[in-house]
1. Could you pull out the residue among G164, G144 that is surrounded by fewer than 22 Cβ atoms within 10 Å (Cβ to Cβ), touching a residue at least 24 places away in the same chain (Cβ under 8 Å), over 17 Å from G217 (Cβ atoms) and outside the structural domain of G1015 (by TED's automatic domain parsing)?
2. Within segment 418-463, track down each residue that is assigned to a strand (DSSP E or B) and of a type in the set (V, I, T).
3. Kindly check whether there is at least one residue in segment 1002-1017 that is more than 25 Å from D209 (Cβ to Cβ), buried (at least 23 other Cβ atoms within 10 Å of the Cβ) and in contact with a Ser or Thr (Cβ under 8 Å, 6 or more places away or on another chain).
4. Considering only residues that are β-branched (V, I, T) and buried (at least 21 other Cβ atoms within 10 Å of the Cβ), which ones fall in segment 419-444?
5. If P407 satisfies all but one of (1) assigned to a loop (DSSP other than H, G, I, E, B); (2) in the same structural domain as L626 (by TED's automatic domain parsing); (3) buried (at least 19 other Cβ atoms within 10 Å of the Cβ), what's the number of the condition it fails?
6. For segment 848-867, enumerate the residues that are on the phi > 0 side of the Ramachandran plot and either touching a helix residue (DSSP H, G or I) at 6+ places or on another chain (Cβ under 6 Å) or not assigned by TED's automatic domain parsing to the domain that holds L913 (or both).
7. Kindly establish whether A744 is modelled with pLDDT of 95 or more, over 33 Å from the mean Cα position of the chain (by Cα), part of a loop (DSSP other than H, G, I, E, B) and farther than 30 Å from Q952 by Cα.
8. Quick check on segment 769-783. Is at least one of its residues on the phi < 0 side of the Ramachandran plot, outside any loop (DSSP other than H, G, I, E, B), in contact (Cβ under 8 Å) with a residue 40 or more places away in the chain and crowded, with 18+ Cβ neighbours inside 10 Å?
Amino acid sequence: MPGASRRRPWLIAAGLGLLLGLLIGGLGIALPISLRNKQQQQQQNAVNLSSSAAGVQQLKGITRSYYLAADSIDWDFAPSGKDLCHNRGFTGPAELYTLQGIGTKYKKAVYRQYNDSSFKDLKPRGPADEHMGLLGPALHAEVGDTIHLVLRNNLDFPINVMAGGVSSEGAPIVNPGDTYTAKWYVPASAGPPEGGPSTQLWVYRSTVDVVRDTQAGLAGPLVIARPGGLNAAGKPADVDREIYMMLQVFNEANSPFYEENANPHEEALAELDEVDAAESVMKYTINGYVFCNTPGLNMTVRERVRWYVSSLGSEDAIHTAHWHGITLNNNGHMVDQVVVLASSAYVLDAVTDNPGTWLFHCHLTDHIHGGMMALFNIAGTAPVQNLTGKTREYFIAAVAEVWDYVPFGGEMCGGSKVNFSDNAKTFVEPGPDRIGNKYLKAMYVEYTDATFKTRKRRAPEWEHLGLLGPVVRGTVGDTLLVTFKNMVPGHNLSIHSHGVLYDKLSEGSPYYDGLPVAPGDQVDTNKTVTYKWLVPERAGPGPADAGSIMWMYHSHVDEAADPAAGLMGAIIITSPGNANEDATPKDVSREFVLSFAILNEDASIMAPENYEKYLPAATRANASALEALIADPEFQESNLMHSINGYMYCNLPGLDFIQGQSVRIYFMAFGSSADMHTPNTAESQLFLDGHRKQAVALLPGAMLTADTTPLVPGKGLLQCHVYDHISAGMSAIYDVKNLGQLVAPASATVRTYYIAAEPVMWDYAPLGYDGCSGQPWNEQQRIFTQTTNETLGSQYKKGMFREYTDATFSTPKEQPPHHGFLGPMLRAEVGDKLVVHFLNRLLFDASVQVFGGLAPIGNTTSYQVAPGSSKRYEWFVPDTAGPGSSDGPSVAYAYVSGVDHIKHINAGLVGPLVIYKKGRLDDPGVDLEVPLLFNIQNEMQSVYYQDNMMLQGNKTGLKIDTAALTFPESNLMHTMNGFIYCNGPALQVSAGDKVRWMVMGFGSEADMHSPVFDGQAVEFGGKPVYSVGLMPSNTYVVDMTANSTGTWEYYCNILDHIWAGMKSRMLVS
């Protein structure tokens, strides 16, 4: 069910109380905390524009005036009353969101544009803007301009308007009935970087109560062009059409209009159970529309069309936007999808070469079920494609076969087989109430010819593909002919390709496009079709891509159920100058394709066959017993197979590397909102888009091409570093053939650190009040800060890495207080030798494990250090661990205790590692370097959990009720460097200072973060950004220029996380 896997159980229950208790007590605990004091504080600290823009080079532009009012409107998420994606009434999962509960009609709040400051006449929206729906008007300006924005509040609650990128005097509250004129200066940092599109996208929004205001609908796009980049109409001169798409999950239970919307539907809501009642008010929208009701997405062949894609929201604000039929240029990368997290902002130029009506949708299956889809139309005649390459033929069938997720019969992550743990048995041990390790799957298999009699043998180097279909290869200029036969009984299937150019006959996806259903859209059992895929330049690597890129293919008859059955594969396209005769790339020695997916066997098309084949006869014969088992949460959990290419617990074969040889890994993912994956290895690093990374970020539908050069010989672990997925078996082991032990040259600079792991008592909220507002804790904040018989409060026993001056470990080194509970920042340059003397003062084994592919030397072989023992670690810093071409002078990684990543990182054993280019450690090019960890510390998964239960019980005399609804949530500390609700020391900088943030993330499926630095200019990889999406094990270097003076907040922009206190402050003087 959309969102259910990510939403906290106690919040669902609270939402139900809200839904069913409409007339008794208002919004209760489901309402988010108010952030009104934030704006009051900013207003008090704000100074005039010239001083607030201190440090900004002021360019002379013009003044552009806009008149906006915040108005309430009656809104219909599906005004046609139909599922326009399929031209039918609402059926199946769609009924919950459209026909049940409140339905599709809600009161919303929007920014609307007026002609002048009298606010009498609305400025009408023309056909080009019809698609914008709930979005406020697009505001345009050039670098150097000043925007005068006159805001009238016609609502009955206070609002404001704040925008990313611009310099301003803050965002003071505008009370109901009042009018305020905002003055925004557009600095150069708000404009587009050189070499990319001519405009940059930002979002403006109300932030008085950011959760309430966002869920109400108060947001719109701000587009900044280079000087001289706008035409006389105020639009970009180099494009013909602008399209704005905001993917947003509205939780109407958190809207200020909820009671007004729900009251007339009290009986309809009461008819739903708890989960469905809460889910029915979740609206999975594109510009406020569901199920392809977004109007006006019309363009023509060869028209220059620019798409602006963004998102706001909570933990469910993870999306993969996918376009059928076209590709787009994303800063030099050719894409037909982009990963869109909260606060993401993309500017994409489309290649409109393919006429027809096409589908645009979020690729997450639960968001598809919720209706996050739209149709766009390209009119005209297709241009002739003059392709001069080869015609390559493939013969692929869909077959049904039994698949074993753990063919070695045990866990292999230690390098040898061991018995399954109790946790692993949940998924892989057969029993009367679970299926176990073997399932009937539907898979793509390659055959030698169109007779489909002889299977093509899979080469040993592709043994690792496992469940995946054959690799389809091509070079730019080629034509790919794929003959497909459906040999799966009882299921219509297809092959839908990404990236390559196909017409409506070869799309392989049935939806309403105004044409008869093509034979290839849904192929009957034992039927054969041929798909024709062209590979023009727009289907190959872009100027910023590697020498080859991957597109996925999969069955699209049922977008959720078909891939869950196993119907997926890879298309690899190589640039002509880099291609061998067989279209393999010349620039790497080996290629691997890895699909990370939680294959939900209950959602698979083969689920009925699996129930029939593997469940006990007595259960199958009793309809009510079978229904009860299928609805059992434990049975459902056992069918979530957290796999890499269909293998779990390191059973994936064939990941064999050779030391020092270049390897290209093509990553992809499928699934729902639980399928947030971060492939990671400590023993190497991944090179992607010019950046060195310790992990890459994957969402369903995402396709990434990353290079690596393994240097550390022996076995290594490649896994999704989302905690839930580690424990559920999403890991693989690889082997690097040893060609020689690495040694540091005698001339290498030695960087030495003395670090002890020590127990501490840590207070997440040492001020004892909300440091953001200066107010006492409110009822909701006390869930995390107050000790009761249902909550542990803010004080916990933790483990910390602490730095000392020498090997006596008697004198600790002082650490900047805003670093919080992080370990010391380890710093080294490429070519250095990094030495860490480690003393374990904890009562359990611990270690120092560095990410980033540093090469262990000397006796650095055993990571585990017993209590009271010490160890000397030595690493050489190879070139491959240093900054990439887009990284600037430094790259950030992390170090942790590697004995148990989940228990030890949740205990606090984590710190930053920064690697510099040669000669840049003492010359980083910034005034201040600050590590910043965004992490939900789950104290129930800490190694100290039982200790903390006992400590609080002894301290207070209270018997803690661990079964209480709020207890699990109270132990999820939404921290930045170990502080909540601005309780950490405020970072103090001067106007014009350059601050380099070493941003890190760790955690579970809820740990998707969106760091925002209010009022300041922020860059990532030399490009201006509002935020950088952060997932577990991701690390980024983000540069900030302190543009605006005053007290400003920096925080995670995920609404749930703001509510839970993931905020801090900086003072720009």
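1. Of the residues listed, the single one that is surrounded by fewer than 22 Cβ atoms within 10 Å (Cβ to Cβ), touching a residue at least 24 places away in the same chain (Cβ under 8 Å), over 17 Å from G217 (Cβ atoms) and outside the structural domain of G1015 (by TED's automatic domain parsing) is G144.
2. Result: V418, V445.
3. Going residue by residue through segment 1002-1017, those that are more than 25 Å from D209 (Cβ to Cβ) are 1002-1005, 1017.
From what is left, the residues that are buried (at least 23 other Cβ atoms within 10 Å of the Cβ) are 1002-1003, 1017.
Retained after the next criterion (residues that are in contact with a Ser or Thr (Cβ under 8 Å, 6 or more places away or on another chain)): 1002, 1017.
The answer is yes, given that some residue of segment 1002-1017 is more than 25 Å from D209 (Cβ to Cβ), buried (at least 23 other Cβ atoms within 10 Å of the Cβ) and in contact with a Ser or Thr (Cβ under 8 Å, 6 or more places away or on another chain).
4. Residues satisfying the conditions are V428, I435.
5. (3)
6. G852, G853 - these are the residues of segment 848-867 that are on the phi > 0 side of the Ramachandran plot and either touching a helix residue (DSSP H, G or I) at 6+ places or on another chain (Cβ under 6 Å) or not assigned by TED's automatic domain parsing to the domain that holds L913 (or both).
7. In short, no.
8. Yes, because at least one residue in segment 769-783 is on the phi < 0 side of the Ramachandran plot, outside any loop (DSSP other than H, G, I, E, B), in contact (Cβ under 8 Å) with a residue 40 or more places away in the chain and crowded, with 18+ Cβ neighbours inside 10 Å.
The values are calculated or read from the model by the stated rules, or taken from the named source; none is laboratory data. Note that the structure is a prediction, hence the values are computed from the model and not measured. Glycine also receives a Cβ, built like all others from the backbone with ideal geometry; neighbour counts cover every protein chain displayed.
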